[in-house]
Structure formats: C-alpha cells, structure tokens
1. Tally the residues that are under 12 Å from the mean Cα position of the chain (by Cα) and in a loop (DSSP other than H, G, I, E, B), restricting the search to the range 52-61.
2. Name the single residue, out of those in the range 55-66 being free of Cβ contacts under 8 Å to residues at least 24 places away in the same chain and within 15 Å of residue 89 (Cβ to Cβ), that is surrounded by the fewest Cβ atoms within 10 Å (Cβ to Cβ).
3. Taking the range 82-91, which residues are over 10 Å from the mean Cα position of the chain (by Cα) and surrounded by 15 or more Cβ atoms within 10 Å (Cβ to Cβ)?
4. Can you tell me which residue in the range 71-91 is nearest to residue 37 (Cα to Cα), limited to those that are in a loop (DSSP other than H, G, I, E, B) and touching a helix residue (DSSP H, G or I) at 6+ places or on another chain (Cβ under 8 Å)?
5. Suppose we filter 94, 108 for residues that are surrounded by 15 or more Cβ atoms within 10 Å (Cβ to Cβ), on the phi < 0 side of the Ramachandran plot, in contact (Cβ under 8 Å) with a residue 60 or more places away in the chain and not in a helix (DSSP H, G or I); which single one remains?
6. Which ones in the range 17-36 are under 13 Å from the mean Cα position of the chain (by Cα) and touching a residue at least 40 places away in the same chain (Cβ under 8 Å)?
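No value in this document is a laboratory result; all are computed from the given coordinates. None of these values were measured; they are calculated from a predicted model. Because the Cβ atoms are built from the backbone with ideal geometry, glycine has one as well, and the counts that use them run over all protein chains shown.
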C-alpha cells in the first residue's frame with residue numbers, strides 16, 4: 001500500500017492515521033516533495049477509475065489563476081497537475097491495481113477489507 005500524502009492537509013493526516021491504525025505496511029509519498037511523473041499520475045488515475053479533471057483541486061490559487069474556464073484535454077490536465085502538484089486531490093491511497101481518494105477519509109476502508 002501507498003499513500004500520496006500532504007502533511008499540511010488535515011484530511012491527508014486523517015487518512016494517514018487510518019492506515020497507521022490498520023496495522024498494514026504502507027509507504028508514504030509526500031508528492032509535493034517527490035512530484036509524480038505524467039506516467040505515474042496517469043497510472044494513479046487509471047487505478048482510481050476517474051478523469052484527471054475529477055482529481056483537480058479547483059479551489060487552489062494555481063488552478064483559478066492559470067486554468068479555470070479553459071478547455072483542456074485529459075493530457076493537458078495531467079500536465080497541469082504534474083507541473084503544480086498542489087492541484088492533486090489528497091490523500092490518495094493505492095493498493096495493487098486499486099486506489100481511492102481519501103475524501104472523506106472513510107473511503108480508505110474500501111481498500112482495507
């Protein structure tokens with residue numbers, strides 16, 4: 001298991017606590033310090049079974065100033081999130097070929113059963 005984590009985010013910290021309490025082995029990836037590549041983010045989106053636009057934090061300043069209202073392809077949205085990792089919704093927990101966004105954090109339990 002792996003969690004894409006932002007320690008400054010309350011929901012991400014709550015998700016991390018759920019994983020810690022589960023007793024499972026997992027890896028923490030602080031994606032703001034270790035940004036994902038386009039390939040990695042595309043793989044995560046595939047595991048989440050969602051579009052790139054659905055994973056964007058649309059209230060972030062970077063989104064509002066640079067991308068809001070623009071017609072963008074899936075690849076362009078992925079490129080925006082790679083260039084501005086803060087735009088990626090968090091936390092994301094990955095287990096094998098499945099993943100969930102931990103908003104609400106209880107979503108993580110889907111991967112623990």
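1. Selection size over the range 52-61: 1.
2. 59
3. Scanning the range 82-91 gives 82, 84.
4. Taking the range 71-91 and keeping what is in a loop (DSSP other than H, G, I, E, B), we get 71-73, 84, 89-91.
If we keep only those that are touching a helix residue (DSSP H, G or I) at 6+ places or on another chain (Cβ under 8 Å) too, we end up with 72, 84, 89-91.
Numbers: 72: 19, 84: 11, 89: 16, 90: 16, 91: 17 Å.
Of everything passing the filter in the range 71-91, 84 is nearest to residue 37 (Cα to Cα).
5. Matching residue, one of 94, 108: 94.
6. Selection gives 31, 32, 35, 36.
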